[in-house]
Protein chains: 2
Amino acid sequence: MENRPRVEVCFTPNLYPLHMDDSEIVVVIDVLRATSAICTAFHNGIEKVIPVSSVEEALSYKEKGYLVAAERKGQVVPGFEFGNSPYSYMEKDLKDKTLVITTTNGTKAFHTAKDAKQVVIGSLINLDAVCEFLLKQQKNVLLLASGWQNKFCLEDTICAGAIADQLINSGSFTSNQDSSIAAKYLYLSAKENYLGFLKSSSHRRRLKKLNLNEDIKYCLTPNQTDVVPIREKNYLVNFK
Amino acid sequence: MENRPRVEVCFTPNLYPLHMDDSEIVVVIDVLRATSAICTAFHNGIEKVIPVSSVEEALSYKEKGYLVAAERKGQVVPGFEFGNSPYSYMEKDLKDKTLVITTTNGTKAFHTAKDAKQVVIGSLINLDAVCEFLLKQQKNVLLLASGWQNKFCLEDTICAGAIADQLINSGSFTSNQDSSIAAKYLYLSAKENYLGFLKSSSHRRRLKKLNLNEDIKYCLTPNQTDVVPIREKNYLVNFK
């Protein structure tokens, strides 16, 4: 009888109902770039992040005077100040402010996990901090990759594999899904050179076309912050 | 401008609508064990295979006197002579007969691809033969892994990665989906030792419990036959 908690990987939001089972904590991952941007915002002092699904919802917050970010297809939606480039969250004074954000994939994944007991924001830039948080909780974890419009994407899977690998190697977690095994293998193939491994990935090509190479490099550099954004009601706060 | 045909990988039948796009040939893959069993049946002289979705449909064929196979959850359905063990298709005289078959995942994937222009049955045991067929066609190919109840499974993905790798290495195919890149990487990690690589896979554990280790070894041994089962109307015949 296996008593250790499980850590499993779900490749895309549309597969979530098949994987939810007995998971108590869902980690939402959108490496390029929503969850990396959210972690960066917390690292730079923001107090609260409200993820919303639609541009319309984001607009209604904007009209109420909120700081609002909206990204679709890799670009800032016209009329909004921010998109999901992490760099935009370094330049402004965000201390104690609230940010409202909608993105193509990441905020969708966040809402997919709405029934989960706990939701955590994961990325490579806060990798060790998220693992430390999960190791303390000792509960079943589902790592939810945001993908690209419900298609599998490499960078989120590799990040999920990195988290799974760390939890399993601690000896206190187990996993039994093939998706988790695959994510671990892909992480092990990628970890020496994320940028090289992902050179042909569809999302990297997409962002490269938009001149977002600096964003990519930043998002693929592990452990730049120890923030752990977690859900509280319908918004995120930093657990630390 | 890229003029070469594309070879892409779809991890599970429920993701098929996202991947179909402009594919002209769909290769259905269910390594453990439906497509391996179907290839074995053709290798042993069967003339025609009719994949059906439900046990009820299989039963109605049985009542009409057909040779009928039915598998659910890895086991032969009570009342049927065959399941999806490839070994059962070696023992009988199948020459020029018609086989009706329903399985948990493989026949479902076959029906998922019902609108595709052409459907081919792929497995590791007919790997090179399928690749040779596809190289001659020079059309866009979608490799459809059957998965396990719509969940990702390693062995089908590795087989898809093996086919993708061969077509891309020929220089006459290209691919641009992250799922295809991942399948290729997983194949490259697995190819020296399929059995070892899959030792912790969920399906292998499932079949091992059912004492099906010999089946697993057989299904993971590439290039034992040169049959290429292709769809004609609602049934399969050997292209060769």
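Only the coordinates and a few stated rules stand behind these numbers; no lab work does. What you see is a predicted model; the values in this text were computed from it and never measured. Positions of Cβ are generated from backbone atoms using ideal geometry, with glycine treated the same way; all protein chains shown enter the neighbour counts.
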Treating the stretch B:42-81 as a set of equal point scatterers at the Cα positions, no solvent, please give the Debye-formula log₁₀ I(q)/I(0) at q = 0.32 Å⁻¹.
-1.18
Highest mean packing first, using Cβ neighbours within 10 angstrom, the peptides B:153-166, B:130-143, A:75-88, A:200-213 sort as B:153-166, B:130-143, A:75-88, A:200-213
Using a 7 Å offset from Cα along the direction of the beta-carbon, what are the separations from A:Glu63 to the same position in each other copy, nm, ascending?
6.3
From the label point of B:Pro222, set 7 Å from Cα along Cα→Cβ, how far away are the matching label points in the other copies, in nm, ordered shortest to longest?
3.1
Percent of beta bridges antiparallel (DSSP, the stretch B:7-232, rounded to nearest 5)
15
Rounded to the nearest 10 degrees, what's the angle between the helix B:154-169 long axis and the longest principal axis of chain B, both from Cα atoms, 0 to 90?
40
To one decimal place, what orientation-averaged projected area in nm² is obtained for the convex hull of the Cα set of the stretch B:79-184?
8.2
The stretch B:1-68 - charge dipole about Cα centre, Lys and Arg +1 at Cβ, Asp and Glu -1, debye rounded to 20:
300
Across the Cα atoms of the protein assembly as shown, what radius of gyration and what greatest pairwise Cα-Cα distance (Dmax) are found, in Å?
23.8, 79
Pair A:Lys191, B:Glu192: separation of 7 Å Cα→Cβ label points (nm)
1.8
Plugging the Cβ-Cβ distance of A:Glu81 and A:Ser200 into 1/(1 + (r/R0)^6) at R0 = 25 Å yields, to the nearest 0.05, a FRET efficiency of 0.15
Kindly provide the GluC sites (Glu not before Pro) of the stretch B:1-65 that DSSP labels as loop, not H, G, I, E or B, and whose Cβ sees at most 10 other Cβ atoms within 10 Å.
B:Glu2
Go ahead and set up a Gaussian network model of chain A, Cα springs under 10 Å, then flag whichever of A:Asn169, A:Asn105, A:Asn223 fluctuates most.
A:Asn169
Simple spin-label estimate for B:Glu56/A:Asn176, 7 Å along Cα→Cβ, in nm, reads 3.2
In debye, nearest 20, what is the charge dipole magnitude of chain A about its Cα centre with +1 on Lys and Arg Cβ and -1 on Asp and Glu Cβ, if you could check?
480
Hey, which aspartates and glutamates would be in cross-link range of B:Lys184, C-alpha to C-alpha under 19 Å, not counting anything within fewer than 8 residues on its own chain?
A:Glu155, A:Asp156, A:Asp178, A:Glu192, B:Glu8, B:Asp30, B:Asp128, B:Glu132, B:Glu155, B:Asp156, B:Asp165, B:Glu192
Give the lysines reachable from A:Lys217 as a straight Cα distance under 16 Å; neighbours fewer than 8 places away on the same chain don't count.
A:Lys191, A:Lys199, A:Lys208, A:Lys209
What does the convex hull of the alpha-carbon atoms of the stretch B:7-232 project to on average, in nm²?
11.3
Looking only at the protein assembly as shown, where both bridge partners belong to it, what percent of the DSSP beta bridges are antiparallel (to the nearest 5)?
25
Against the longest principal axis of chain A, how steep is helix A:178-190, in degrees 0 to 90 to the nearest 10, with axes from Cα atoms?
70
Sticking with the crude label model, points 7 Å out along Cα→Cβ, report the distance from B:Asp115 to A:Lys217 in nm, one decimal please.
4.5
Which is farthest toward the positive dipole end of chain B among B:Leu207, B:Ser189, B:Val26, measuring Cα position about the Cα centre, with Cβ charges +1 (Lys, Arg) and -1 (Asp, Glu)?
B:Leu207
Just to confirm the number: angle between the C-alpha axis of helix A:34-43 and the first principal axis of chain A, 0 to 90 degrees, nearest 10?
80
Cβ-vector label at 7 Å, A:Phe239, separations to other copies in nm
5.1
Dipole of the stretch A:115-234, positive end: most advanced residue of A:Thr157, A:Ala116, A:Thr174 [Cβ charges, Cα centre]
A:Thr157
Magnitude of the Cβ-charge dipole (Lys and Arg +1, Asp and Glu -1) of the stretch A:42-88 about the Cα centre, nearest 20 debye, reported as 60
With x for Gly and Pro, the residue-by-residue ³J(HN,Hα) of the stretch A:6-18, computed from phi through the Karplus equation 6.51 cos²θ - 1.76 cosθ + 1.60 at θ = phi - 60° and given in whole Hz, is 9, 10, 10, 10, 10, 6, 8, x, 6, 8, 3, x, 6
Checked against the positive end of the charge dipole of the stretch B:7-232 (+1 on Cβ of Lys and Arg, -1 on Cβ of Asp and Glu, about the Cα centre), the farthest of B:Val49, B:Phe80, B:Ala129 is B:Phe80
